[in-house]
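Below is one structure; the comments refer to it alone.
Please treat every number below as a calculation from the coordinates, not as lab data. The structure presented is a predicted model; accordingly, all values stated were derived computationally and were not measured. Neighbour counts run over all protein chains shown; Cβ positions are idealised from the backbone, glycine included.
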Amino acid sequence: MVRRKWAGCAAALAVIFSLLAPAVEGRAASTGVRVSLPDFQVSLNGHAVDQTYREYPLLVYKDITYFPMTWSDSRLLGLEAAWTPESGLRIAQGPVSSPYVSYQADRRNAASYNAEISGSAITINGKSIDNSKEPYPLLSFRDVTYFPLTWRFAHDEFDWEYRYDDARGLDIRSRNPQILIPDLPTYASDNEVALYKGYYYFAETAASTNQVYRTPLKNPSEKELVYSYEFLAGNDFPRKTIHFRILDNELWFSYFLGSNLMGSNTYVKVNEDGKGEKKFKFHGYTDFKKTPYGTLIIALGPNSPGGNNLSLAAPGQNDERGKTVGDSHMYYSRYVSTGNSGYIVDGIGTGDSAEVVGDDIYIRATKVAPDGYSDLNQIYKIDLQTNETEKIVNAGVSRFRILGEKLYYVKDTDNALYSSALNGTGERKLSENAVSWFDGIDDKVYYTTSAGDGKYRLYRINPDGDDTLVLQSSLDGVQVLNGKMVCRLDEKEEYRTMVLDGSGRLVLAMADPISRLLASDDAIVFTTSGDPDVKVIR
């Protein structure tokens, strides 16, 4: 009996393998055997397996449970598999994952079937397996390899946790990161979603009203109203989009009402009780930073050459601009370039164009004069106590960050990465490559450089000046979130997303390409291309 075998620690667990070259796999199979479907429930990392209509059901052979090694199921349990005519089948643990796939079919499964013992060469974690001598050999069923996991494989090779009881059946849990699909309403993915302090936050649109709700991570059915507003508001520019962000460990969201030139941004803070409180309302596109003296407001539009777009709102002031900050003849944050028809102000300001350290603001700025701009995109420091404005970097920069006690920036002259002290002294060139993006995790700095055709290479800055290529694969882009780098790989790669830790070590690889990273305080929340469902890596 299966249950007796399980209690004696000789029970087999199900494992899952990829649909690898089914025709070859079929030719390698030799001996036919009779198998049955298990008469108990099986769960894989918390997902109950429906055996009745599953295209690749679990099987039982010689009182041992067998699992189908489909592409998704193997990676769900942290296994990679590869097959070649020369080496046969290779199975190994790896930092891989996949969402659970049910493999539901239209036909109902029978109680028993014929399967075959695989004749292919097999290697598990680098160890050769002679399938002809195995007491529980690998099988082939519906052109998929089936794997028996006894204690030897489940515990010793794959370090899985498992338990069995008569009420709940067999529960198998692997230690690789899991990709979860939270039980949120279907409309939640129509807008942005945030995960903050154990709650999911999302919006529901009804007619011209947006209602922001939250639900507990552990009980998504408990929906609680956070905030509500009318997004039509009597104008001809209806916009229902909500943007979540986490700023200084606080959850905020914003929404824009009106036209590009005459509309306004409203910023709402989510308080400890889970209720949204309107904090700021600014005309036009704006960004803001918290300071010890109030809120720094950066007006980002329209594309006007007037400058003087920096102000400080005193604590408690929740609309419009406050007092002017810095030199009034400066245009702050926005990036200014030259073109055939004159000066060009590119895009909306980004988060790497202003930072607050104590009483000081570090910000990119361009001088404004009656006949145009000068000293384009240089870094200044503004003392909030004295309003003294001091140039720190006498060169145009496309982006900058403060990491630790140093200033990092990319110069327009050569697009290389430089560092200096916060007062601008001790400048040092860090890269010979042209830098497209950079950021820091812990005490390490990473950057990307163009590989052509819109692709990039990821490097780590080394103290000795010899930069290290972190990934051999070319990338579509990188983002840093909660101490991890989320890398989007080229579409030709088997894994389209890789997550690296601060040391550049691979934490997770998955096949689906990430299309959006969403606000979260302790996990990676995202959507994938072609699939609107929100997913979470924990």
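Multiply the residue separation of residue 271 and residue 167 by 0.36 nm, subtract the distance between their alpha-carbon atoms, and state the gained length in nm to one decimal.
Difference between extended and current length: 33.2 nm.
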Segment 432-538, relative contact order [Cα under 8 Å, separation at least 6], %: 14
What does the net charge come to around residue 525 if you take all other residues with beta carbon closer than 11 Å to its beta carbon, with K and R at +1 and D and E at -1? 0
What is the Cα centroid distance between segment 173-192 and segment 68-99, reported in whole angstrom? 23
Give the lysines reachable from residue 289 as a straight Cα distance under 17 Å; neighbours fewer than 8 places away on the same chain don't count. 269, 278, 279, 281, 323, 381
Mind sorting out which of [x] 108, 46, 37; [y] 71, 65, 56; [z] 88, 55, 40 is the real Cα extents along the principal axes in Å computed from the coordinates? [z]
Return the distance in nm (one decimal) between the two label points of a simple spin-label model at residue 183 and residue 464, each offset 7 Å from Cα along Cα→Cβ. 5.5
Identify all lysines with a Cα-Cα distance to residue 62 below 17 Å; exclude those on the same chain that are fewer than 8 residues away in sequence. 5, 133
Cβ-derived FRET efficiency at R0 30 Å, residue 538 paired with residue 109, nearest 0.05: 0.40
Expressed in nm², what is the orientationally averaged projection area of the convex hull enclosing the Cα positions of segment 146-231? 8.9
When the Cα centres of segment 486-514 and segment 412-478 are compared, how far apart do they sit, in Å? 19
Can you tell me the length gained on complete extension of the stretch residue 250 to residue 479, counting 0.36 nm per residue apart and subtracting the Cα distance? 80.4 nm
Based on the Cβ-Cβ distance of residue 133 and residue 442, what FRET efficiency does E = 1/(1 + (r/R0)^6) give at R0 = 51 Å, to the nearest 0.05? 0.55
To the nearest 0.05, what FRET efficiency results for residue 383 and residue 223 with a Förster distance of 45 Å applied to their C-beta separation? 0.45
